[in-house]
Structure formats: structure tokens, C-alpha cells
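What follows is a short report on a single structure.
The values are calculated or read from the model by the stated rules, or taken from the named source; none is laboratory data. Since this is a predicted model, take the numbers as computed values, not measurements. Backbone-built Cβ (ideal geometry, glycine too); neighbour counts: all protein chains shown. These accessible areas exclude ligands, DNA and RNA; they are computed on the full protein's heavy atoms, side chains included. Shrake-Rupley method; radii C 1.70, N 1.55, O 1.52, S 1.80 Å.
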There are 4 protein chains.
Amino acid sequence: MSVATSESFQATAKELAEISRSFYARGWVLGTSGNFSAVLGREPFRLAISPSGVDKGALTAAQILLIDEHAAILSEHPVKPSDETPLHLMLTGMRAAGAVLHTHSVWSTILSDLHANEGGLAIEGYEMLKGLQGVTTHQHREWLPIFENSQEMDALAHVVSARLNELPNPHGFLLQGHGLYTWGTNVAQAKRHVEILEFLLEAVGRTRMITANSQKGV
Amino acid sequence: MSVATSESFQATAKELAEISRSFYARGWVLGTSGNFSAVLGREPFRLAISPSGVDKGALTAAQILLIDEHAAILSEHPVKPSDETPLHLMLTGMRAAGAVLHTHSVWSTILSDLHANEGGLAIEGYEMLKGLQGVTTHQHREWLPIFENSQEMDALAHVVSARLNELPNPHGFLLQGHGLYTWGTNVAQAKRHVEILEFLLEAVGRTRMITANSQKGV
Amino acid sequence: MSVATSESFQATAKELAEISRSFYARGWVLGTSGNFSAVLGREPFRLAISPSGVDKGALTAAQILLIDEHAAILSEHPVKPSDETPLHLMLTGMRAAGAVLHTHSVWSTILSDLHANEGGLAIEGYEMLKGLQGVTTHQHREWLPIFENSQEMDALAHVVSARLNELPNPHGFLLQGHGLYTWGTNVAQAKRHVEILEFLLEAVGRTRMITANSQKGV
Amino acid sequence: MSVATSESFQATAKELAEISRSFYARGWVLGTSGNFSAVLGREPFRLAISPSGVDKGALTAAQILLIDEHAAILSEHPVKPSDETPLHLMLTGMRAAGAVLHTHSVWSTILSDLHANEGGLAIEGYEMLKGLQGVTTHQHREWLPIFENSQEMDALAHVVSARLNELPNPHGFLLQGHGLYTWGTNVAQAKRHVEILEFLLEAVGRTRMITANSQKGV
């Protein structure tokens, strides 16, 4: 039996579709924005991934594609995978993530613009940081790198990969004017990372609304 | 069989009613604000449109009217179509839109006031822009014209039409202190355009909350 | 058959309970805040009203009380009506409202504080104003009077009534640090007035977040 | 029959799980943040408490643990109780609370940072304060102490307890960059206190967004 018809693919596709609809309800993947993937096997490499250009509030398990490490479609779908597949392949390949979730929230969009010149955004001192894999204290300082947005996804994946390799234990990054990428060893952990980072970006953004005049930067 | 009792009218009416209730849940059509239409045929011209003065959180498919190009009601409804029917007829007629959706969000209301003196609002540099029909890069600059609000809908439709004809590929416009109009080749595309433009207006508005002091304008 | 067991009382109680739960979902009646009433008859006067001190997110039709013009309970309930019953009796009696809805939103609370010194808040130029009964143009100017909060409800009702009598066609008022009162000829119209006024207060409040520095006042 | 299989434990576990999911929907316990407990008996002491590290949007009654006054697990669960159990035991033990709810909202996080230097935050003049147990007028002044966050929960519980003993009738406290703790004689009262304090923190925070420039402090 092929992976495309396996129970584990069906279960993972259902999990991704449910996350899509719940993120849509929160306003994190409006329009056709956002994309999601999860690794089903490594030898051979098999990735479940959301298709390009669909309404994320209506995404169903049946629409989730199965692709290989070259982005070739192995399931019977007449559509192509997300345009941002090279970023998903880089994160699940070189960085060994088990799942990758990409959201377009208002707060990640705003902060990715306001901090673009600094090349990233530091978040520290929040208890919520402890929800990130491997973080054990609120005194942790998370550096969220920000990359210039691009429509050249292969080149962008290369730049992002090189920068992430320089950081000790990164949990996500921002694309300027675009949104947040995060990942985890499995879908549940990646979902937790989205919620934590989106929460922290909102806390940082709203704090700046109050403190914008007395202090520049956060 | 008349269009008013056809399956395609029933399906479109259901689609518009579902959009109405989901937009209401997001706070985009509170009270009796907002109105929605979709073209069912062009020869003769047939338009499904929401009635005037109803609670958009409780709109049902059975309440959707069928009208012709003169706004004459063809379905058996004792009510009149939306007061803003002339704008819908202009957009679906002269501009050939397949569906028109009009929302009253807090952000479109605020920004339509703050930028009224400039005659419009430019939105550029956001990945989310790519969800607008025909836009292929975040480097796109969308000009959202703002018109003075009016209760003279025929005159307003004339002014809006003339201005839209001067723009290369407009996707929407704002009425001052009133809200957003957008459209698409079909209901799904128009819904996507609402979500994208509402998202971008929120991002622009919240950014101004942070940057209001250091820089005037966005 | 008494009014307390009549179908119209059951239907009205259900309507008020549904509004309570939907307003709770929007964050307008958190905790045990907010109260709601609707007139069932005038000769003799009969009012359906929410009880004191209950969770508005869990309010059921069975909890709605029936009272007379002296606030005497006519239904078989072991609880007392809302502490703010005198305001409901004043609005449904002297002002002849058919239904009264009182919400505690964040925006009404904030603006009732910031504008208390001016004795009220003017809202004008918004299309949404047209949803208020009797208003036909966005050029309408709605004056929302603000009263000092009090725990002496009979005295407060007297003060509010006297002030409302001086205004041409008031649709609501604010109690400082407390919330919004609005009403209508029936429950549906009062609900529409809540949505419209809450929307407008949010629009005014968020606008002030942007313009707070360049201009004082709205 | 043991408490762990009793109907009252099942009912309380269900109540805590429902609160968890509703708070998650409001964005107050994203990721795995937040924890909840309720006293089932005092001789011997028995506490129902949420487990460590679970998704609060998917918490079920079956996941709620039963522990004694030493945090020993009496139910058959392979997991440990919340890391913050010492705070729950202190509040339900020394302070005799019947239920304790801890949330991580954006507003409590922001204000716990901005007011940390003052050791707390005063909230006064709001009608909503009347929903706090024992408060009968909006003229009440609630002092919400803020404590430095720590991963040493036993030591933190000691510091918090000592400070709360100095206050007349405290209803909650903030941990810096972390969130809100509140409690009540039962689960329903504690839930009401969460809603009231979260509402008030949002009102205070948003007011500061408007007034940040003209006046420092609230």
C-alpha cells in the first residue's frame, strides 16, 4: 500500500486541515495565505503539504498533497503544492523538522516591517517562552531573524538556511511584510510554537503601542 | 423554469448568506450594515443581492433577492434590495465583476477618514497583496481610492465608476466613514479580496498606532 | 393563562437569552455584567428581565424573570431582578422603549472615562449611524450623554430621565466606568442599536489611539 | 469509593476542562500555558488540577489529576501535575480558596511588565469591580500585586503568600511577564474573577494606549 493511501497520511492530512481551519478562525491565515507540512517518512522522504492557492478556512484533509524531496506530487491531485515548498523542504530536510507551519498574522506582518533594519527581533523575559522546545526558563532570549521577502523561493531557502545554521537553537523566523515560519518535531509541537510566537509578537507589538513615544525599540 | 427558482440561484443565495454570517462573526457587517451580490446571468442580466435593512448575522438564503439591470425585483420578496444597489449594478455591469461584497469594518472606517484628504490610500510591500487577482509580487502597490460618502447612490456610482476607469487594475475602494467595496470574477474570489484588504487595512492601521508620532502618514 | 407561562413570554425570554450568550461571546457582558429587558404588555405593564448576578454566557430562557412596574416578581423565581431594574423601568415606562439592552464593553468603559468631563461624546459622519432608528444620513450627529456612575439606582434613573428628555431623539447613554445603555421598539432593534453603538465607540476609540498626539479630542 | 472515581471529581474535572477550552478560545491560555485547580475535600485534602504541558484548547476531563496536599498523585495518570502546583496548594491551603485559575493573556503580560517597578497595579472606579467577591461599589480600589517571575515555585509561593497576607481582601496577583492568578470559593466564582480582571486589565491597557503621551501611569 502506498503512503498516499495510508492511514498515517490520512491522519496527518486531517490534523493539518484542522489546524488550518482553527488558524483561519484566529485570523492568522486569511485569504489563501499560510501553508503547512508534516513529514511522513524519511527513507524515502515523504511530505504532506497544503496545496497552493486554496481558502485556508475551508481546507479539507482530501486536499492535502503528498510530495517527495524534489516536490514531485505522489498523490492524485491536479494542483501544485504551495509556492513556498522550497522553504518547507529545507526545514524538514536540512533542519530535520517533523512539521512546518507558516502563518500571516497582523502582528508578525507589522513587526517584521518595523524591525527589518535590525535583521531580527529579540523576545525575552516572558514565561511563555518556556513553551518553546528546549527552553526551560523565562530568562531565555529568543532571536527571531527577519529576512527580506522574495518570490525566488529556492534562493530564499538558501539564505534562510545559512542564517539559521549560525543560531544556537532557533524556533522560527519572519519574512518581511509576509509572516512567520516555525516548526517542531511533530505537528502538535509546531502548532504550540505558532501559538507561543504569535502570542509573544502580539505582546511585543501592543507594548510598543504604549511605549512608542518614551522609548524607541522594545 | 425561471432563474428565481433555479438551482444556481439557490446555490448562490446560500453562498452569499454563509459569507454574511461569517463576516458578521468577524465584526465586519454589524447591525444591518454590509451588502452582497453575485451575477447569475448576463443575457438577460440577473443579479442575486441581499435585501435592505436585515440583520447580517441572521441572513438566510431565502432572503436573497433576484433583480435585473434596472433593480427590478424578479423573485417573490416583499422587500426592496440594498439601498446601495446602484453601486452593485455599476460594478457588475460596466466593470463586469461577477460578485461584489461590501463590508463595514472598524479599520476600513477609520482609515477612510484619516486618508480622505489624500483621495486614497496606498498599500504596498506586503506578501498578502499577492492574493489579489492579477498580482504576482509583494512589490505591488495597490491604490485604494477613497470617495466622499453620499446618500445619492446613482450619483455616487457615476463618480466611482469614472475614477475606477482611470486606474490600471483596481481591486476595491473605500467610502469615507462608511466601508470597503471589493469584487471578483466569482463569489469565492470576492470573499478572498475582502479578507486580504481587511487584513491589510488592519496591518496599516495598527502600524500607524505605533508610528503615529515619529512619522505622519503610513 | 398568566403572562408568566405564555408563549410570548417564553419566546421573548429565549430571545433575550440568545442575545446574552452572543454578546458574551463578543466580550460585551463578561463576568456577571450586563442586563436585558423587553416589554410584554402595557396594561397591565409586564417586563421580562434578566436576573441579578448570573453568568451572561450561560443565561437560559428559564432564568428570565417577569416583573411589573414596581419591580415585583410575577414569575416563580427565587432570585431578584437586575440591580439596575430602575433604569429599565424608566426607559420602558417614561420613554416607552420596547426593549432595553445594557452592555459593559472595553470601549464604552474607556470612552465613558475619557469624555466624562465633557458630559458626553459626539459621534458623527459615520454611515453606520444610519442604522439607528430615525436616522437617514451619515451626516447625523449623535450625542451620547455620560452620567457619573452610582449605586443609587432610583436617583440615577431620575437624573438620566431628565437629561434624555432634553435631547431630540437619543438612542443611548453611557455610565462612567460602567457601560452602555441603549433601547428600541423591540428586541431586534435594541440589539441592532447595541451593535451600531459598540462599533462606533470602537471606531472612535481606535482613531484616538492614532491621533492622540496630534489632536486632543476626537 | 475513592474520590478519584467519585461523581464530584468527574463533575469538577468536566467543569475545569470546559473552562480551559473557553479560555483557550479567548486567547488566554495559548500553547500549553495556564493551569486550573479546584478543591474536592479538606479532610483529607483533595485537589483536582490540570496536568503539566498539555494543549489547553484540547484539555479533557479525563486528563485532570487528583492530588493531595503534598502534590502526590492519587488518580491513575502517568503525568505530573502543573509545575505551578505549589502556588495552587498555597492558595487553596493557607488562603482557603475553593478554586484557582491561572491565565496568560496578552494584557496581563504587558501590564505586569509596565508596572513591575511599582510592585503592583491599582484598578479603581470601574463598575466591573463589583463582580469581585465582597466588593459592593465601583469606588473600590483593587491592588493587584506584581511579583518577579521565578522557576523556583516553592520559594515563589512563600513570597506571594506573605504579601497577600498583608492585603485586606486580595482577589488576584500578577507574575511579571507571565500572567494572572485569581481564585474563588468555587470554580464559578473563580471563572467570574478571571473574566472581570482580564476585562479590567484590557481596559487599563487600552486606555494607556490613548493617554500614554499626555500622562505617564494610568
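Under 26 Å from the Cα of residue A:56, which lysines turn up, not counting those fewer than eight places away in the same chain?
A:14, A:80, A:191, B:14, B:56, B:130, B:191, D:56
Can you give me the % of accessible surface on region A:1-160 that is carbon or sulfur? Probe 1.4 Å, all protein chains present, nothing else counted.
That share works out to 50 percent.
If each DSSP helix of 4+ residues adds -39,500 (n - 2.57) and the sum is divided by the residues in chain A, what number results at 222 nm, nearest 500 deg cm²/dmol?
Only helices count here, giving -11500 deg cm²/dmol.
In whole angstrom, and with the biggest value first, how far do the Cα coordinates of region D:44-135 range along each principal axis?
The Cα atoms of region D:44-135 stretch 47, 28, 25 Å along the principal axes, largest first.
On a C-alpha basis, how far is the centre of region D:1-73 from the centre of region C:1-41 in Å? Whole number, if you could?
Each part reduced to its Cα centre gives a spacing of 32 Å.
Taking only protein heavy atoms into account and a 1.4 Å probe, give the accessible area per residue of region D:7-108 in Å².
37
Just the number, please: buried accessible area between B and C, total of both chains, 1.4 angstrom probe, nearest 100 square angstrom.
Separately minus together, B and C give about 2200 Å² buried.
Could you check which residue among C:187, C:135, C:204 shows the biggest mean-square fluctuation in a GNM of chain C with a 10 Å Cα cutoff?
Answer for the Gaussian network model of chain C: C:135.
List the relative contact order of chain B as a percent without decimals, with contacts defined as Cα pairs under 8 Å and 6+ residues apart.
Result for chain B is 19 percent.
Treat every Asp and Glu Cβ in region B:11-84 as -1 and every Lys and Arg Cβ as +1, leave all other atoms uncharged, and give the resulting dipole magnitude about the Cα centre to the nearest 20 debye.
Once rounded to the nearest 20, the dipole reads 240 debye.
For the protein assembly as shown, with the dipole built from +1 on Lys and Arg beta-carbon atoms and -1 on Asp and Glu ones, taken about the Cα centre, which of D:9, D:62, B:53 lies farthest toward the positive end?
Value computed over the given set: B:53.
Return the residues of region C:14-45 for which accessible area with all protein chains present is lower than in the chain on its own by 30 Å² or more; set the probe to 1.4 Å and exclude ligands, DNA and RNA.
Checking the loss per residue gives C:24, C:26, C:30, C:31, C:32.
Rank A:201, A:91, A:164 by mean-square fluctuation in a GNM of chain A with C-alpha springs under 10 angstrom and give only the top-ranked residue.
For chain A, modelled as a Gaussian network with Cα springs under 10 Å, the answer is A:164.
Could you give the longest part of chain D that holds none of the trypsin sites (Lys or Arg not before Pro) found in DSSP loops with at most 15 neighbouring Cβ atoms within 10 Å?
Between exposed loop sites, the widest span is D:96-215.
Could you check the spin-label model distance between residue D:14 and residue B:152? Points 7 Å from the Cα along Cα→Cβ, value in nm.
In this crude label model, residue D:14 to residue B:152 measures out at 6.4 nm.
Using only the Cα atoms of the protein assembly as shown, what are the Rg and Dmax in Å?
Both quantities, over Cα of the protein assembly as shown: 27.8, 82 Å.
With charges only on Cβ, +1 for K and R and -1 for D and E, what is the dipole size of chain D about its Cα centre, in debye, rounded to 20?
Computed about the Cα centre, the dipole is about 480 debye.
Hey, in the GNM for chain D with a 10 angstrom Cα cutoff, which one of D:92, D:137, D:103 fluctuates hardest?
Result for chain D, Cα springs under 10 Å: D:137 fluctuates most.
How about region C:124-147: which of its residues lose at least 40 Å² of accessible area in the presence of all protein chains relative to their chain isolated, using a 1.4 Å probe?
Those residues are C:126, C:127, C:128, C:138.
What whole-number distance in Å separates the alpha-carbon centres of region A:152-218 and region A:85-127?
3
Modelled label-to-label distance, residue B:140 and residue A:79, 7 Å Cα→beta-carbon offset: nm?
If labels sit at residue B:140 and residue A:79, their model points lie 1.8 nm apart.
Using a loss threshold of 40 Å², tell me which positions in region C:194-214 are less accessible in the complex than in their chain alone. Probe radius 1.4 Å, ligands and nucleic acids ignored.
SASA drop of 40 Å² or more in region C:194-214: C:195, C:199, C:206, C:209, C:210, C:213.
Multiplying the sequence separation of residue D:6 and residue D:21 by 0.36 nm and subtracting their Cα-Cα distance, what value in nm do you get?
Gain on stretching residue D:6 to residue D:21: 3.1 nm.
With the label 7 angstrom out along Cα to Cβ, how close does residue A:163 come to the same site in each of the other copies, in nm, nearest first?
Spacings between copies for this position, smallest first, are 3.8, 3.9, 5.4 nm.
Enumerate the calculated ³J(HN,Hα) couplings along region D:142-152 in order (Karplus 6.51 cos²θ - 1.76 cosθ + 1.60, θ = phi - 60°), each rounded to whole Hz, writing x wherever the residue is Gly or Pro.
Calculated HN-Hα couplings, in order: 9, 9, 9, x, 10, 10, 4, 5, 7, 9, 8 Hz.
Sort shortest first the distances from residue A:77 to its counterpart in every other copy, using label points 7 Å along the Cα-to-beta-carbon line, and give them in nm.
3.7, 3.7, 5.3
Taking the convex hull of the alpha carbon atoms in region A:110-218, what volume per residue do you get, in Å³?
Details: hull volume 11.6 nm³, N = 109.
In region A:110-218, the Cα convex hull volume per residue is 106 Å³.
Any idea of the accessible area per residue across region D:128-204, 1.4 Å probe, to the nearest Å²?
Normalised by residue count, the accessible surface of region D:128-204 is 36 Å².
Quote the FRET efficiency, to the nearest 0.05, computed for residue B:159 versus residue B:117 with a Förster distance R0 of 30 Å and r equal to the Cβ-Cβ distance.
After rounding, the FRET efficiency stands at 0.95.
Roughly how big is the protein assembly as shown's charge dipole about its Cα centre, with Cβ charges of +1 (Lys, Arg) and -1 (Asp, Glu), in debye to the nearest 20?
Computed charge dipole of the protein assembly as shown: roughly 160 debye.
Mind checking the alpha-carbon convex hull of region B:7-46 and giving the volume per residue in Å³?
62
Tell me the volume per residue, in Å³, of the convex hull enclosing the alpha carbons of chain B.
In chain B, the Cα hull volume divided by residue count equals 117 Å³.
Amide H to amide H, which residues 5 or more places from residue A:40 or on other chains are under 5 Å from it, using H placed in the peptide plane?
Residues meeting the amide H criterion: A:46, A:47, A:48.
Show the residues, 5+ positions off or on another chain, whose built amide H is closer than 5 Å to the amide H of residue D:178.
Under 5 Å from the amide H of residue D:178: A:127.
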